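K.L.:
One structure coming up, written as structure tokens, with questions to follow.
Values quoted throughout were computed directly from the atomic coordinates according to the rules given, and no laboratory measurement underlies them. The structure presented is a predicted model; accordingly, all values stated were derived computationally and were not measured. A quick note on method: Cβ atoms are made from the backbone with ideal geometry, for glycine too, and the neighbour counts reach across all protein chains shown.
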Amino acid sequence: MSQFLEISGLCAQIDADGQEKQILRGVDLSIPPGEVHVIMGPNGSGKSTLSYVLAGREDYEVTAGTATFHGQNLLAMEPEERAAAGLFLAFQSPIELPGVNNANFLRTAVNAVRRARGLEELDAVAFLKMAREAAKALSMAPDMLKRNVNVGFSGGEKKRNEVLQMTLLQPTFAILDETDSGLDVDALRIVAEGVNRLRAPTFSALVITHHQKLLDYLVPDRIHVMARGRIILSGGPELARQIDQEGYTKFLAEVA
Amino acid sequence: MNALSKDMSGPLALFANRLNTPTGAERQSAAGALARTGLPDRKVEAWRYTALRALGKQDYAAPPEQVDASTVRALLDGVLQAHPAMAALPRVVFVNGRHAPAFSALPDDVDLSFFAHEPQFGLQAAPDRDPLVALNTVLAEDGLVLRVPAGVDAGHVMLISLGVAGAEPLSFHPRHTVVVEKDAHLRLICVQAGQGTYFHNPVMDIRVEDGATLEHVTLQTEGAQAISLGTLYAHVGHQSVYDSFVLGLGGLLVRHEVHAHLAATRGEVHVNGAQRLAGQQVGDITSVITHAASDCTSRQTVRNVLDGHARGVFQGKVLVERIAQKTDGYQMNQALLLSPDAEIDAKPELEIYADDVRCSHGATVGALDDEQLFYLRSRGIPEHEARQILIDAFLDEAVALVVDATAQTFCRSVLAARFAGKGEPS
């Protein structure tokens with residue numbers, strides 16, 4: 001019942017040029033604590049939409065279904081409340097914030113979340129020490145804390161910056177939306193290690209990916225295949241290898 | 001004071017009783033020009049977006065001889081306490097357009113005198129073309145006359161102009177002259193602040209001689225009921241730099257008009273600015289940058305944040321004369337509208353008569369970016385705080401153009417003090 005993350009019959013649409021476009025068509029998904037689940041699926045199947053809807057982006061209108069997190073109605077919460085409750089979305093295309101210093105941004109976020117969680121705020125010194133250590137563990141250049149958020153970052157640097165944010169915000173549930181895309185093998189390993197460091201009986205992740213490679217480092221508990229706005233198939237880690245070798249066509253044909 | 005006569009032409013009537021008896025050639029000529037043109041209405045192209053209706057229906061009296069010292073002290077402290085470094089800088093304080101020696105801490109490395117003792121109208125002002133300069137010319141009583149001797153680095157000087165008005169609306173029309181001689185360097189920080197209903201109409205005549213540098217930051221924090229219409233002329237010599245920045249925050253109606261003249265080769269002019277306005281405020285940043293010699297550079301970045309019913313005006317003209325080959329000009333005006341009732345009127349103009357130049361200009365208008373807001377909120381930052389971060393960042397990119405670290409920090413401190421926690425949607 002009040003499991004960790006429960007999604008049931010979730011439908012969502014977006015207003016595209018005055019036309020309502022249905023993207024999620026009844027997503028059912030249950031993620032217990034301590035597990036890493038993976039969503040795979042062809043482009044346009046609704047994977048990123050699902051992650052945005054869970055994180056609270058307003059462009060999407062939820063038309064049916066429920067999503068609960070720690071028993072709370074996730075869909076009724078503001079994005080910042082979801083973050084405070086422990087949800088984190090690593091963006092597929094991290095947003096650039098010109099004029100916003102990365103360290104200030106990170107500290108503001110960490111302290112906002114700490115405040116909401118009833119913890120004491122960190123002063124600049126304590127925060128910087130923590131941030132520098134976390135950045136170092138992700139092999140990030142020290143100057144990335146001094147630069148503007150994601151401005152002029154390479155694709156790989158942006159993804160590492162997402163993982164850095166995740167590390168500092170200490171979520172209990174992280175959605176990684178194609179965090180592996182555009183990463184070379186070394187970066188992929190570093191990012192995966194960043195996620196693995198958070199693994200605990202109280203931490204779960206939903207990983208959206210197209211590639212088996214990430215899953216070599218980030219051993220998943222369960223694989224879901226999404227198509228046309230629904231989860232059409234779920235299975236163990238072997239499903240990912242099968243898709244990697246055979247593609248989606250076979251699975252899509254089976255449920256068509 | 002005379003009551004407003006409806007027969008007289010427009011707002012000029014408000015000064016009528018003070019316009020009668022000009023003495024000296026400059027004042028008489030300016031009074032003549034003013035009598036011909038009157039004050040501009042919106043049919044005059046340069047004033048199309050800024051109406052002087054706001055001058056209202058009241059007469060503007062000459063400032064009284066006595067001003068309450070504690071009020072001046074409080075206003076001055078408000079300026080100086082914005083940042084700890086400010087109180088230590090040399091300063092020249094004007095109260096209602098008159099030098100106030102008791103509040104000044106005069107600089108050492110410069111030659112100082114005052115318009116009240118030896119009137120200097122400068123060579124650049126054009127009372128026949130600019131009625132507000134004509135008005136200043138007729139009514140000017142005092143002003144700073146500052147000269148940095150050749151080769152001297154004079155460090156910082158603050159010029160603080162305070163307006164203190166009581167029940168009766170006042171106007172004052174200071175006439176300032178700043179000369180930075182050959183290879184000299186000055187960092188000039190002008191601050192305008194005040195309280196009550198007053199009309200501040202300064203004219204500043206600037207000469208930056210060959211090889212010299214003037215870094216000029218103007219902080220516009222006039223009182224909430226104030227009208228401030230200032231005109232500034234800058235003559236820029238060979239290999240010299242006039243680097244200016246205006247931060248517009250206060251006043252009811254404020255216009256900052258700059259005429260920069262690149263008179264000799266390899267000069268450099270920056271006419272940057274930022275304004276953050278709300279309520280019924282109107283802020284007008286107008287500039288004419290003339291390239292009259294080859295190999296000069298001009299840069300202009302102006303950012304506007306407009307909330308409530310505020311209106312921003314940007315008029316920026318870059319004129320490249322035929323002789324001004326290899327001109328490098330850049331102009332950008334950007335506006336962030338925080339409310340559906342806020343407005344920006346932008347009129348960028350390039351007028352180019354040379355054929356080998358590089359000039360570009362652009363303008364953007366928009367609201368806060370939804371994706372950026374969502375990104376911040378998804379990291380746990382509450383909406384009002386997220387909005388504030390994005391507004392600050394937008395302005396800060398303009399403030400970052402201020403090269404002088406002291407002036408830059410001063411601008412940031414004033415912004416932070418005025419707007420902390422004001423990111424709520426209106």
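K.L.:
Local charge sum around A:Ile31 (other residues, Cβ-Cβ under 10 Å, Lys/Arg +1, Asp/Glu -1)? Intermediate results must be reported in sequence, preceding the final value.
P.N.:
On the way: positive: A:Arg222; negative: A:Glu6, A:Glu35, A:Asp221.
Net charge around A:Ile31: -2.
K.L.:
I want to check the label-to-label distance for B:Glu45 and B:Ile352. Put each point 7 Å from Cα in the C-beta direction and report it in nm to one decimal.
P.N.:
The answer from the label model is 1.9 nm.
K.L.:
In the structure shown, do any of A:Lys129/A:Lys213; A:Lys21/A:Lys158; B:Lys182/B:Lys347; A:Lys159/A:Lys250; A:Lys47/A:Lys158; A:Lys158/A:Lys250 have a Cα-Cα gap over 24 Å, and if so which? Each step should come with its number before you reach the end.
P.N.:
Details: A:Lys129/A:Lys213 33 Å; A:Lys21/A:Lys158 30 Å; B:Lys182/B:Lys347 35 Å; A:Lys159/A:Lys250 32 Å; A:Lys47/A:Lys158 20 Å; A:Lys158/A:Lys250 34 Å.
Too far apart for the 24 Å limit: A:Lys129/A:Lys213; A:Lys21/A:Lys158; B:Lys182/B:Lys347; A:Lys159/A:Lys250; A:Lys158/A:Lys250.
K.L.:
Compute the normalised compactness of the stretch A:1-107: alpha-carbon radius of gyration over 2.2 N^0.38 Å, N being the residue count.
P.N.:
1.16
K.L.:
Two decimals is fine: what is log10 I(q)/I(0) at q = 0.17, 0.27, 0.28, 0.29 Å⁻¹ for the stretch B:261-330, from a Debye sum with one equal scatterer on every Cα and no solvent?
P.N.:
Values, matching the q order: -0.62, -1.07, -1.12, -1.18.
K.L.:
Could you tell me the calculated FRET efficiency between A:Gln212 and A:Glu121, based on Cβ-Cβ distance and R0 = 35 angstrom, to the nearest 0.05?
P.N.:
Numbers: r = 42 Å, r/R0 = 1.19.
The computed FRET efficiency comes out at 0.25.
K.L.:
While we're on this one: Between Rg and the Kirkwood Rh of the stretch B:65-187, both from Cα atoms, what is the Rg to Rh ratio?
P.N.:
Values: Rg = 15.4 Å, Rh = 15.7 Å.
Computed over Cα atoms, the ratio is 0.99.
K.L.:
Separation of the stretch A:126-160 and the stretch A:79-110 by C-alpha centroid, Å?
P.N.:
After rounding, the separation between the Cα centres reads 13 Å.
K.L.:
If you don't mind, there's one more thing I want to ask. Given Cα positions, please report Rg to Rh for the protein assembly as shown, the hydrodynamic radius being the Kirkwood one. Spell out each step's value before the answer.
P.N.:
Values: Rg = 30.8 Å, Rh = 28.4 Å.
Rounded to two decimals, Rg/Rh equals 1.08.
K.L.:
For an R0 of 51 angstrom, estimate the FRET efficiency from the Cβ-Cβ distance between B:Gln280 and A:Thr63 and round to the nearest 0.05. Before the final figure, lay out the partial values.
P.N.:
Values: r = 43 Å, r/R0 = 0.84.
E between B:Gln280 and A:Thr63, to the nearest 0.05, is 0.75.
K.L.:
Please give me the summed charge of the neighbours of A:Ile95: other residues whose Cβ is under 12 Å from its Cβ, Lys and Arg +1, Asp and Glu -1.
P.N.:
Numbers: positive: A:Arg57, A:Lys158, B:Arg377, B:Arg379; negative: A:Glu96, A:Glu162, B:Asp369, B:Asp370, B:Glu371.
Within the 12 Å Cβ shell, the charges total -1.
K.L.:
What number does the stretch B:39-121 give for Rg over Rh if you use C-alpha atoms and the Kirkwood radius?
P.N.:
Numbers: Rg = 17.7 Å, Rh = 16.3 Å.
A ratio of 1.08.
K.L.:
Most mobile of B:Ser244, B:Ser104, B:Ser298 per a Gaussian network model of chain B (Cα springs, under 10 Å)?
P.N.:
Judging by the Gaussian network model, the answer is B:Ser104.
K.L.:
Just want the ordering: B:Ser287, B:Ser413, B:Ser360, from fewest to most Cβ atoms lying within 10 Å of their own Cβ.
P.N.:
B:Ser360, B:Ser413, B:Ser287
K.L.:
Taking K and R as +1 and D and E as -1, what net charge do the other residues with C-beta under 13 Å from the C-beta of B:Val191 add up to? Don't jump to the answer; show the numbers that get you there.
P.N.:
On the way: positive: B:Arg91; negative: B:Asp77, B:Glu222.
That works out to -1.
K.L.:
Still on this structure: Report the semi-axes of the equivalent ellipsoid for the stretch B:122-236 in whole Å, largest first, where each axis is √(5λ) for an eigenvalue λ of the Cα gyration tensor. Don't skip to the answer; put the middle values down first.
P.N.:
Numbers: eigenvalues 145, 55, 19 Å².
Semi-axis lengths for the stretch B:122-236 are 27, 17, 10 Å.
K.L.:
What nm value, rounded to one decimal, do you get for the distance between A:Lys146 and A:Gln245 when each label is placed 7 Å out toward the C-beta?
P.N.:
Here the modelled spin labels are 5.1 nm apart.
K.L.:
Quick check: convex hull over the Cα atoms of the stretch A:103-216, volume per residue in Å³, rounded to an integer? Mind showing how you got there, number by number?
P.N.:
Details: hull volume 11.8 nm³, N = 114.
About 103 Å³ per residue, rounded to a whole number.
K.L.:
What is the magnitude of the charge dipole of the protein assembly as shown about its Cα centre, with +1 placed on the Cβ of each Lys and Arg, -1 on the Cβ of each Asp and Glu, and no other charges, expressed in debye to the nearest 20? The partial results should precede the final answer.
P.N.:
Numbers: 61 positive and 82 negative charges, 102 e Å.
Charge dipole of the protein assembly as shown: 480 debye, to the nearest 20.
K.L.:
Separate question: Can you give me the distance in nm between label points at B:Glu168 and B:Ala367, each placed 7 Å from the Cα along the Cα-to-Cβ direction?
P.N.:
Roughly 4.9 nm, to one decimal.
K.L.:
Can you tell which of B:Ala134, B:Cys296, B:Gly267 lies farthest toward the positive end of the dipole of chain B, using +1 and -1 charges on the Cβ of basic and acidic side chains (Lys, Arg; Asp, Glu)?
P.N.:
Projecting each Cα onto the dipole axis, the largest value belongs to B:Ala134.
K.L.:
At 4 °C and 1.567 mPa s, grab the translational diffusion coefficient of chain A from Stokes-Einstein with a Kirkwood Rh over Cα pairs, rounded to a whole number in µm² per second. Could you put the intermediate results ahead of the total?
P.N.:
On the way: Rh = 18.8 Å.
So the translational diffusion coefficient is about 69 µm²/s.
K.L.:
In addition: Take the alpha carbon atoms of the stretch B:284-426, find their radius of gyration, then divide it by 2.2 N^0.38 Å using N residues; give the quotient.
P.N.:
Values: Rg = 17.9 Å, N = 143, 2.2 N^0.38 = 14.5 Å.
Working it through for the stretch B:284-426, the quotient is 1.24.
K.L.:
Mind checking which of A:Ala67, A:Ala200, A:Ala109 has the largest fluctuation in a GNM of chain A, springs on alpha carbons under 10 Å?
P.N.:
Of A:Ala67, A:Ala200, A:Ala109, the Gaussian network model singles out A:Ala200 as fluctuating most.
K.L.:
Quote the charge dipole size of chain B about the Cα centre in Debye, to the nearest 20; the model charges only the Cβ of Lys and Arg (+1) and of Asp and Glu (-1). Write down the numbers at each step before the final one.
P.N.:
Values: 35 positive and 50 negative charges, 154 e Å.
That gives chain B a dipole magnitude of about 740 debye.
K.L.:
While we're on this one: For chain A, with the dipole built from +1 on Lys and Arg beta-carbon atoms and -1 on Asp and Glu ones, taken about the Cα centre, which of A:Ser45, A:Ala124, A:Gln245 lies farthest toward the positive end?
P.N.:
Of the listed residues, the answer is A:Ala124.
K.L.:
Next question. With springs connecting C-alpha atoms under 10 Å apart, model chain B as a Gaussian network and identify which of B:Asp77, B:Asp183, B:Asp243 has the largest mean-square fluctuation.
P.N.:
B:Asp77
K.L.:
Note the full-extension length gain between A:Met130 and A:Ser30 as 0.36 nm times their separation in residues minus their Cα-Cα distance, in nm to one decimal.
P.N.:
Numbers: separation 100, 0.36 × 100 = 36.00 nm, distance 3.33 nm.
Fully extending the segment from A:Met130 to A:Ser30 adds 32.7 nm.
K.L.:
Treating only the Cβ of Lys, Arg, Asp and Glu as charged (+1, +1, -1, -1), what charge dipole size does the stretch A:5-255 show about its Cα centre? Round to the nearest 20 debye. Numbers along the way, then the final one.
P.N.:
On the way: 26 positive and 32 negative charges, 105 e Å.
My answer is approximately 500 debye.
K.L.:
Could you list the residues of the stretch B:47-83 with an amide nitrogen less than 17 Å from a label point located 7 Å from the Cα of B:Thr21 in the Cα-to-C-beta direction?
P.N.:
B:62-63
K.L.:
Tell me, what is a quarter of the convex hull surface for the C-alpha atoms of the stretch B:374-426, in nm² with one decimal? Provide the component values of the computation, followed by the final result.
P.N.:
Values: hull surface 16.2 nm².
Projected over every direction and averaged, the Cα hull of the stretch B:374-426 covers 4.1 nm².
K.L.:
Further question on the same structure: Over the Cα atoms of chain B, compute the convex hull volume and normalise it per residue, giving Å³. It would help to have the intermediate numbers written out before the result.
P.N.:
Working: hull volume 60.5 nm³, N = 426.
Dividing the Cα hull volume of chain B by its residues yields 142 Å³.
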